[in-house]
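Asks: The structure is given below, and queries will be raised subsequently.
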Amino acid sequence: MLNKEQLDAASAPLGHNLIIASAGTGKTSTIVGRIVHLLQSGISADKIMLLTFTNKASSEMIKRLESHFSKDILKDIQAGTFHAIAYRYLKEHYKILLKQPRELKILLRSIYNNRIFNEIASTPPYKADYLYDLFSLYINSFDGKFVDFIAQRNEEHSIYADIYDDIFNEFMDLKRQYNYVSYDDLLILYRDKIIENNLSLKEILVDEYQDTNHLQNSIILNIKAESLFCVGDYDQSIYAFNGSDIGIIASFKDRFSDARIFSLTKNYRSSGKILEVANNVIAHNPRIYPKSLEVICKREDSKVEVFSFSDTKEQYQYIARHISTSATSLLQTAIIFRNNISSDYMEASLRELGISVRKKGGRSFFESKEISLLIDILNLFFNKLDMMAFINVLSIGSGIGESIAKDIYDCLIFLGNGNIKDGLLNPKDSNKPYKNKLRNAQLGLFDDIFIQEDRARFDRYLSSDFASHLLLSHPKLTSKSAVFINKFYKLFLIKRDNLDNLFKEIINSDFFAEIKNSLSISRVKNKYKSINDIKIREEKDNIDKKVSILYNLSKSYNDLGRFLNSITLNSAESSSGDGVNLLTIHASKGLEFDDVYIIDLMDGRFPNTKLMSKTGSLEEERRLFYVATTRARHNVYFTFAYKDWAKNTNYTPSIFLKEAKLVR
């Protein structure tokens, strides 16, 4: 049942409708009610598009609709994230290979590392990974040339702008050549195709409208939709780092002459005490649309408490003890943090007490090195031309790296007439398998002349069928790297008959054993500064456990391509583990818990002054505090420390605790 405010919004006439839905006011019920209204009004399901922030959110909404309509009707609604809808559309009409940022950064680094920057001491060039993120921000938020974007953000980097620009031109050309697309490319291609194909709909519903960026908004505006139904809350706009523009929701009534604004004011989630704290802080931000919240859930026993500590270590240990004695279930308990370093120490303190942890928003299971490498090996069996997978897998070898790995890829493509497997197993004869680079000093390009080495120099270390392979003439290879490539070569002798057998063959191969050994030794060295056989065995066991998780996921699929597509689209929303929810603020969005701990509330940490200086602002940090606080239903605990025990840094309580009137 919808309340009057929700019903008024859900049954609004077609046109441009904006619903201001504060935390806990039932925006999901309102969106579901709107779709019910549209379908009951005779609007065809295939003329409705539902854009949500996560695929999980759209799935839950469609599930709710099943109590009103058959699945045969609902399947025609275009529902999902911007990226999921774009991906489904493009896969039906075009040949594309969606790649994760971690994969594309490897490709970009292979290009970047072949450039030479004439550095100015006071302004070193951006690193490749940061440059990738910067380019993504440019695509999502800026109209104009990349060199102008660079100049606007940091004038000192204009001296490198032409090199940056050329790196990305080469990067984009390579992606087009191999049909690779990033998440950003999906949206650009989709926008171009809907304009070309004149896509028209009856209504577009947009959830989390406050986090829409320029690129996403251009898609909404280029679909010929008779009606928009946008639901959001400007106080929860927290994605400026990804290009989201609060001005899009703020200007709604000015951009559309027939705009209607609805407000949902009844909060069904949090207690009055919790909302008072959240509202005291967010009131310091400029008001865009007037609103006030009415507390529906009366909880007299609700707690809002502040805990202070002499140092951060004491803070983390106390929180762990507090949770260990709490009557609240672990699954209904969340620890929310602003800085990733907080997560690592907090998790260690919890595990010391035997408290299990469920993580989301930190480092994804799919981003762990062993899993990303295993996925890339599988990708090579699905697509023999997958350059990024090749570079990621081969570059882990001793003395190889990304640039040499790309050289070897180009060599195998040449030797195999466009097929790396043929280049490995049946190479054509050539006295010059590696090509020289072009020279252009202005763009950071210099001669890289390959002096062909004796390809038989490593034969005594190699199997007879790989000995004297033409790719071994690369001058920078060593005996260790040659042995590693020999094991890689043997991978391609695997007979792929089905996904299950392929998976088992790969994880039992000498090549994957080498990867496990290399990763385990590296991790033990980093942790303990020495080699310890017992610890190495433990690391290998941890890798085996992760591999087992991925293997079990693969059992739901008979087709390798479908399995890889599923991982690519859904890995960003994945959680790992069971127990206390350990979350970034961004990952906590849309969730709710009985007990919430918001940690490290010190000026400099939260608000995070470092991130504020890049793409954020104090107003956005304040919205992050509001989002974190309103995840709580019953109790919220704010914690801070006067000193960081690891860095020996002194702190004062966060300004937000003062604005909340919780400290002086």
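The values are calculated or read from the model by the stated rules, or taken from the named source; none is laboratory data. All values derive from a computational prediction rather than experimental measurement. Here Cβ is always computed from backbone atoms with ideal geometry, including for glycine, and neighbour counts include all displayed protein chains. We work out accessible area using only protein heavy atoms, side chains counted, and drop any ligands, DNA or RNA first. Shrake-Rupley method; radii C 1.70, N 1.55, O 1.52, S 1.80 Å.
Asks: Using a 1.4 Å probe and counting only protein heavy atoms, arrange 303, 99 so the residue with the most accessible area comes first.
Replies: Highest to lowest solvent-accessible surface, that is 303, 99.
Asks: Follow-up. Once both labels are modelled 7 Å past Cα along the beta-carbon direction, what's the residue 127-residue 147 spacing in nm?
Replies: My value for the distance between the label points is 2.8 nm.
Asks: Now a separate question. Let me have the 222 nm mean residue ellipticity of the chain computed from DSSP H runs of 4+ only, each contributing -39500 (n - 2.57), with the sum over all residues rounded to the nearest 500.
Replies: -14000 deg cm²/dmol
Asks: Now for a separate question. What FRET efficiency would be calculated for the residue pair residue 276, residue 398, taking the C-beta separation as r and a Förster radius of 60 Å, to the nearest 0.05?
Replies: Approximately 0.50, to the nearest 0.05.
Asks: Got a sec to turn the phi values of segment 472-488 into Karplus ³J(HN,Hα) couplings, 6.51 cos²θ - 1.76 cosθ + 1.60 with θ = phi - 60°, whole Hz, x for Gly and Pro?
Replies: The phi angles translate into 6, 7, 4, x, 9, 6, 10, 4, 5, 5, 5, 5, 4, 5, 4, 5, 5 Hz.
Asks: If amide hydrogens are placed 1.01 Å from N in the peptide plane, which non-local residues have theirs closer than 5 Å to the one on residue 266?
Replies: So residue 266 has HN proximity to 294.
Asks: 7 Å from Cα along Cα→Cβ at both residue 454 and residue 559: what's the point-to-point distance in nm?
Replies: Going from the residue 454 label point to the residue 559 one covers 5.2 nm.
Asks: Provide the per-residue ³J(HN,Hα) series for segment 388-400, in order, calculated from phi with Karplus coefficients 6.51, -1.76, 1.60 and θ = phi - 60°, each as a whole number of Hz, with x at glycine and proline positions.
Replies: 5, 4, 4, 4, 4, 5, 6, 5, 6, x, 4, x, 9
Asks: So with the 1.4 Å probe, I'd like the accessible area per residue for the chain, rounded to whole Å².
Replies: 44 Å²
Asks: Which residues' amide hydrogens lie under 5 Å from the amide hydrogen of residue 16, considering only partners 5 or more residues apart or on another chain, with H built in the peptide plane?
Replies: Counting only residues 5 or more places away or on other chains, the set is 228, 260.
Asks: A follow-up question, please. How much length is gained if the chain between residue 658 and residue 118 is pulled fully straight, taking 0.36 nm per residue apart and subtracting their Cα-Cα distance, in nm to one decimal?
Replies: 189.6 nm
Asks: Something else about it: Where nothing but the Cβ of Lys and Arg (+1) and of Asp and Glu (-1) is charged, how large is the charge dipole of segment 208-313 around its Cα centre, in debye to the nearest 20?
Replies: Once rounded to the nearest 20, the dipole reads 200 debye.
Asks: Okay, moving on. Residue-wise, which Karplus ³J(HN,Hα) couplings in Hz belong to segment 50-57, taking 6.51 cos²θ - 1.76 cosθ + 1.60, θ = phi - 60°, and x for glycine or proline?
Replies: Whole-Hz 3J(HN,Hα) from phi for segment 50-57: 10, 9, 10, 7, 10, 5, 4, 4.
Asks: Can you tell which of 241, 222, 169 lies farthest toward the positive end of the dipole of segment 161-281, using +1 and -1 charges on the Cβ of basic and acidic side chains (Lys, Arg; Asp, Glu)?
Replies: 222
Asks: Based on alpha-carbon centroids, what's the gap between segment 580-622 and segment 167-189 in Å, whole number please?
Replies: 32 Å
Asks: Shifting gears a bit: Please compare each pair in 303/658; 145/224; 99/555; 47/71 to a cut-off of 24 Å on the Cα-Cα distance and tell me which ones are over it.
Replies: Too far apart for the 24 Å limit: 145/224.
Asks: Which chymotrypsin sites (Phe, Trp or Tyr not before Pro) in segment 47-138 sit in a loop by DSSP (not H, G, I, E or B) and have at most 13 other Cβ atoms within 10 Å of their own Cβ?
Replies: 94
Asks: If you don't mind, another one. What is the spin-label model distance, in nm, from residue 161 to residue 7 if the labels are put 7 Å beyond Cα along the C-beta direction?
Replies: Distance between label points: 5.8 nm.
Asks: Turning to a different aspect of this structure: When only the heavy atoms of the protein chains count and the probe is 1.4 Å, how do 49, 1, 612 rank by accessible area, highest first?
Replies: 1, 612, 49
Asks: Please state the equivalent ellipsoid semi-axes for the chain: what are the square roots of 5 times the Cα gyration tensor eigenvalues, largest first, in whole Å?
Replies: Largest first, the chain gives 45, 31, 26 Å.
Asks: Under a 5 Å amide H to amide H cut-off, with H placed in plane at 1.01 Å, what residues pair with residue 225 once short-range neighbours are removed?
Replies: When sequence neighbours closer than 5 places are left aside, the close amide H contacts are 201.
Asks: Once the principal axes of the Cα atoms of segment 53-107 are found, what is the range along each, listed largest first in whole angstroms?
Replies: Largest first, segment 53-107 extends 48, 23, 12 Å along its Cα principal axes.
Asks: Report, to two decimal places, the Cα Rg of segment 157-240 normalised by 2.2 N^0.38 Å (N = number of residues).
Replies: Taking N as the residue count of segment 157-240, the ratio is 1.41.
Asks: Turning to a different aspect of this structure: If we sort 281-293, 649-661 on the protection proxy, mean other Cβ atoms within 10 Å, highest first, what's the order?
Replies: 649-661, 281-293
Asks: If you don't mind, there's one more thing I want to ask. Which order do the peptides 38-44, 459-465 take when ranked by the mean count of other beta-carbon atoms within 10 Å per residue, highest first?
Replies: My ranking of the peptides, most packed first, is 38-44, 459-465.
Asks: Tally up the carbon and sulfur contribution to the accessible surface of the chain as a whole percent, 1.4 Å probe, everything protein left in place.
Replies: Carbon-and-sulfur percentage of accessible area, whole number: 49.
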